[in-house]
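Shown next, in structure tokens, is the structure this report addresses.
The values are calculated or read from the model by the stated rules, or taken from the named source; none is laboratory data. Note that the structure is predicted; figures quoted are calculated from it, not measured. Quick reminder, even Gly has a Cβ in these numbers, built from the backbone with ideal geometry, and neighbours come from all protein chains shown.
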Amino acid sequence: MRYAIPVLGDRVAPRSTCAEGVLILALNTGRIAYEEMVTQTINNPFDLISVLKNFQVDTLVCGGNNRETRESLLSLDVSVIDNVACSVAQTVDALQRGTLQSGYGLLTRSSPLRAKAEVIPIHPSPLNPGKQSPEVASASPPIDCLDCQERPGLKGESCQFSVNRSSARTRSSTNQMLESAADISYETERVLCRVAELVYFFLEMKYKRVGIAFCVELLDQTRVLAGVLRRFFDVFAVCCKVGDSGTDQQGARSEFDELGLETVSCNPLGQAEILDRFGSQVNVIVGLCIGVDCVFTQASKVPVTTLFVRDRMLANNPIGAMYSDYYLAEITRHKADL
């Protein structure tokens, strides 16, 4: 049996027609009898089919296929195992064990928990020197870019509050993040949703291990997100209720609801600790409560980005309040009651 695996980096390519090469394998009773990496870049169905024909492939193992690719594959007598989302090594191992099937790796943990992995440390920003003394604070004029009429920063010019950008970008990791962010924000060929931007940014930053700190109330959405991200990365998701009930060193504690039933409060310190043990290189917040997200961000040893914000009133779309006279009036009224 001869297999073809489109490859992107060290993983199965999420799209079979967007690959850096194709791994050709021949197995005999679970052992590799033939192995060759075809370094041809795959950009369209014709490139893929050419490789399949040349190497007389029996089975294509891949991520997703668009309609055009599926129609092209119908002309070949080739079986397809699709929706595979894991590393090439994991795929080969599953093939040898006879456990590979469509959907392999999508909604299951693709990497074991490690006591300590290569954690990329993050240090305080040079722009965050700490609290100013009262004398310095009183001597500094108040800053409010909202009231600025000239807005020289939009023209690339300096103002009284300007910080030299080159002096602020002293760390290579900071430079890489800003450049990657700029590549995405200046994208003109297609409009990207936030999840797509997240994937593009992580790929450009060459992250391999991604942590998700999620709220239990967004469990279903986190499952879908993890399934998407596992097409590209090793992903580990940790729930906000992780850990034992009762007060402990991770900060989890028990509470009682209105009916006297015990509930477990959030444990952001535990989430950060577990993701650190996993060796995540970047962490994604999904729906953590206000304040809990602050604690998690402070405790995380790697960069953190917030993808989804939980908002019970506005269907997880808090910016909607900015467009509603009703909610703005309600917010103002509640503030006056405090």
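Among the criteria (1) in contact (Cβ under 8 Å) with a residue 12 or more places away in the chain; (2) surrounded by fewer than 21 Cβ atoms within 10 Å (Cβ to Cβ), the one Val84 does not fulfil is (2). Note on the stretch 165-247: enclosed helices (runs of 4 or more DSSP H) holding 1 or more residues that are modelled with pLDDT under 80 are 165-168, 172-185. Filtering Leu23, Leu76 for residues that are touching a residue at least 12 places away in the same chain (Cβ under 8 Å) and not in a loop (DSSP other than H, G, I, E, B) leaves a single hit, Leu23. Taking the criterion of being in contact (Cβ under 8 Å) with a residue 24 or more places away in the chain, farther than 25 Å from Cys62 by Cα and of a type in the set (Asp, Glu), the only residue of the stretch 186-235 that qualifies is Glu217. Residues of the stretch 2-15 that are part of a loop (DSSP other than H, G, I, E, B) and touching a residue at least 60 places away in the same chain (Cβ under 8 Å): Asp10, Pro14.
Against the conditions (1) assigned to a strand (DSSP E or B); (2) surrounded by 15 or more Cβ atoms within 10 Å (Cβ to Cβ); (3) more than 26 Å from the chain's Cα centre (by Cα), Met37 satisfies every one except (2). For the stretch 283-312, taking the residues that are part of a loop (DSSP other than H, G, I, E, B) and aliphatic (A, V, I, L, M), the one that is surrounded by the most Cβ atoms within 10 Å (Cβ to Cβ) is identified as Leu288. The residues listed here are Ala94, Ala85, Ala117; of these, the one that is modelled with pLDDT under 75, under 31 Å from the mean Cα position of the chain (by Cα) and within 30 Å of Glu35 (Cβ to Cβ) is Ala117.
Evaluated against (1) surrounded by fewer than 14 Cβ atoms within 10 Å (Cβ to Cβ); (2) touching a Ser or Thr at 6+ places or on another chain (Cβ under 7 Å), Glu71 falls short on exactly one condition, (2). For the stretch 41-62, filtering for residues that are out of contact with any Asp or Glu (no Cβ under 7 Å at 6 or more places or on another chain) and under 18 Å from Ala13 (Cα atoms) leaves 14.
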